[in-house]
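Structure first, commentary second.
The values are calculated or read from the model by the stated rules, or taken from the named source; none is laboratory data. Computed from a predicted structure; not experimentally measured. Ideal geometry is used to build each Cβ from the backbone, glycine not excepted, and the neighbour counts take in all protein chains shown.
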Amino acid sequence: MDTLWVDTMLQSVRKEYAYSSPKHTLADVTESDKQYIDSLVEDTNQFDTLQLKKKIMTQVKEGTAIITKSSSLHGTIIIVHRADYKPTFHIWWRIVRLLSEKPVRIVIFAHPSLRTMPSKGPIEAKHINGGYAIRCDATSIIIYRQEEISRVMIHELLHASCSDPYHKSVECIESDTEAWTEIILCAMAAKGDKNSYNRYMNDQILYSVEQASVLRDKHKVHSESDYAWRYTIGKFEVWKRLGLHVPEIPKSSTMNRSLRLTIHEPSL
């Protein structure tokens, strides 16, 4: 892992953690905000097929969920969440400052539904996806699961920051983005410390290949034509090109059916 890009990345993360988290304030949700949230709920797309956005908004109407808005010099984060969930704005604003040169608008529908493999059959968007964004548009980021908010935020910010390798297929763009997302997540969890990063990244790779074994054997995920490949097995080739050691997928695994993609979280 002693490659130049690792040192450059870790230096950027250390620089971020040399400062306090960006100052932010809780603000009132405006009528314009409410209209935008409603438009997102009504929007049907290929990812939120379980309508998790709509389900958490129903809880707002029932009084079991609330809407919280955080504003800073770097933009706005709005989160729809159950009242007992505490948003980690300090961490999310660090992610924004590290990855976005433009002010953001991020809307999070923090539905507690977990990513879980089906009992049989293929992995679909409803099982694994948790957000979406428009390329090169930092105001278009939508997240609709509570699980792995930080990871999804990094992933979508990369898309929104024009990082996509446009000459590649959608499947390869997603695998490239996810590979870098997990690298950045581990770097932030380590606060830029190289030894910690190496340990976390090794943990992440081992977790991913174990998960890939279950996907391969139980759900026939083998190539780009299999939907889950773009977020799972596809990232292995990206890591290898970057000089990371990725062991062979084991012949069998006792891992559970979780489709959570990462095991570490950035902290304050």
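A few remarks follow.
- Lone unmet requirement of (1) farther than 23 Å from R145 by Cα; (2) buried (at least 17 other Cβ atoms within 10 Å of the Cβ) for A228: (1)
- The residue that is surrounded by the fewest Cβ atoms within 10 Å (Cβ to Cβ), counting only those in the range 103-125 that are closer than 23 Å to E171 by Cβ and within 15 Å of the chain's Cα centre (by Cα), is A125.
- The residues in the range 208-243 that are more than 18 Å from T177 (Cα to Cα) and either touching a strand residue (DSSP E or B) at 6+ places or on another chain (Cβ under 6 Å) or without any contact (Cβ under 8 Å) to a residue 60 or more places away in the chain (or both) can be counted, and the count is 6.
- Unmet requirement for S150, which otherwise passes all of (1) surrounded by fewer than 20 Cβ atoms within 10 Å (Cβ to Cβ); (2) part of a helix (DSSP H, G or I); (3) among the small types (G, A, S): (1)
- Of the residues making up the range 192-221, just one is surrounded by fewer than 18 Cβ atoms within 10 Å (Cβ to Cβ) and at positive phi, namely K220.
- Failed item in (1) in a helix (DSSP H, G or I); (2) farther than 26 Å from R97 by Cβ; (3) touching a Pro at 6+ places or on another chain (Cβ under 9 Å), with V221 passing the rest: (1)
- Residues of the range 30-63 satisfying the condition of being surrounded by 13 or more Cβ atoms within 10 Å (Cβ to Cβ) and among the acidic types (D, E): D33, D48
- All strands (runs of 3 or more DSSP E) inside the range 16-127 with 2 or more residues being closer than 30 Å to H219 by Cα and hydrophobic (A, V, I, L, M, F, W, C): 104-109
- Candidates L50, L4, L40 - the one that is more than 26 Å from H127 (Cβ to Cβ) and of a type outside the set (F, W, Y): L4
- Filter result for the condition that a residue is over 25 Å from D43 (Cβ atoms) and at pLDDT below 95, over K120, K86: K120
- Among the residues of the range 198-227, those that are within 18 Å of the chain's Cα centre (by Cα) and of a type outside the set (A, V, I, L, M, F, W, C) comprise Y200, D203, Q204, Y207, S208, Q211, Y227.
- Figure legend. Inter-residue proximity from the range 35-59: first residues touching a residue at least 40 places away in the same chain (Cβ under 8 Å) and among the aromatic types (F, W, Y), second residues in a loop (DSSP other than H, G, I, E, B) and buried (at least 18 other Cβ atoms within 10 Å of the Cβ), beta-carbon distance below 9 Å, spacing 6+ or different chains. Indicated pairs: F47/N129; F47/G130; F47/Y144.
- Counting the residues of the range 128-145 that are of a type in the set (F, W, Y) and either in a loop (DSSP other than H, G, I, E, B) or out of contact with any strand residue (DSSP E or B) (no Cβ under 8 Å at 6 or more places or on another chain) (or both) gives 1.
Here's the yes/no breakdown for (1) touching a Pro at 6+ places or on another chain (Cβ under 8 Å); (2) polar (S, T, N, Q); (3) at pLDDT below 95:
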residue	(1), (2), (3)
L98	no, no, no
V104	no, no, no
H111	no, no, no
L114	no, no, no
I128	no, no, no
A133	no, no, no
A138	yes, no, no
I141	no, no, no
Q146	yes, yes, no
